[in-house]
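The values are calculated or read from the model by the stated rules, or taken from the named source; none is laboratory data. These figures come from a predicted structure and were not determined experimentally. We place every Cβ from the backbone using ideal geometry, glycine too, and count neighbours over all the protein chains shown.
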Amino acid sequence: MSPHRPRRRFGQHFLHDAGVVGRLVAAIRPERDDRLIEIGPGEGALTAPLLEHVDRLEVIEIDRDLAARLRSAFPAERLIVHEADALAFDFARLPAGLRIVGNLPYNVSTPLLFHLATFVDRLRDMHFMLQLEVVERMVAAPSTPAYGRLSVALQARFGMEKLFNVSRGAFRPPPKVESAVVRMVPLEQPLAVDEDLLRRAFSARRKQLRNALPLGAADFERLELDPRLRPGDLSPQDYARITRYRDSMNSIL
């Protein structure tokens, strides 16, 4: 079968490096009865090795031509193909304990991560290949340049670990940026962080907290926060604490 012509509108860069595939499968450690979901299987470079380890695999593929190729290449009882946009896919329709993997399209990776985070209670873990810059933002610590809204929103729900870098040559066509693989495991006790609060804070990330957050001097004193700090200096735990405080104040009012 001839190679599929990558489509720019889908951000397609097909993984072809067998060594990288092997490292990724080893990191995932799939088992026979896992509820494994692959996002963006493409030409099946990762799909085929995963099927060697699991009894059944489900994939989400937006490209109808690639979806058809996958259906013809693998038995229907072992590979379930959802021809859909992962950004709109309702993962709640699937049983809990999902293990999600994939080489995510760089053009939708951040909104897709936010979408998946809303299903954290149904997940066992996730392993993704992403743009290196995005992975560095995901795992960044407070008060570092890469730390931002994405860092807080995901670290409030997941324990995350950058596993290894992937060079541009591992893909066809090679992307303009380097990639990396990240592991995401839901926290036993996720933190509740108000998304609107995060948007407001990091849209004014250069300002001091007293000018970036809807809090008064008394509020900062009760929260024991220095109003001269900036949004990027607060940890996910700090944002969860502010969320609880605001909720309690609203309930009084």
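When restricted to residues that are over 24 Å from ALA92 (Cα atoms) and polar (S, T, N, Q), the stretch 117-135 contains 1. Looking across ASP125, ASP63, ASP90, ASP85, one residue alone is of a type outside the set (S, T, N, Q), crowded, with 19+ Cβ neighbours inside 10 Å and either in the same structural domain as ALA180 (by TED's automatic domain parsing) or free of Cβ contacts under 8 Å to residues at least 12 places away in the same chain (or both). It is ASP63.
When the residues of the stretch 205-238 are filtered to those that are surrounded by 13 or more Cβ atoms within 10 Å (Cβ to Cβ) and among the small types (Gly, Ala, Ser), the one that is farthest from ALA153 (Cα to Cα) is ALA212.
Looking only at residues of the stretch 16-60 that are exposed (fewer than 15 other Cβ atoms within 10 Å of the Cβ) and touching a His at 6+ places or on another chain (Cβ under 8 Å), we find that the one that is nearest to GLY102 (Cα to Cα) is GLU31. Residues of the stretch 188-204 that are closer than 14 Å to ALA153 by Cβ, assigned to a loop (DSSP other than H, G, I, E, B) and free of Cβ contacts under 8 Å to residues at least 60 places away in the same chain: LEU191, ALA192, VAL193, ASP194. Checked against (1) in contact with a strand residue (DSSP E or B) (Cβ under 6 Å, 6 or more places away or on another chain); (2) within 21 Å of SER248 (Cβ to Cβ); (3) of a type in the set (Val, Ile, Thr), VAL193 passes all but condition (1).
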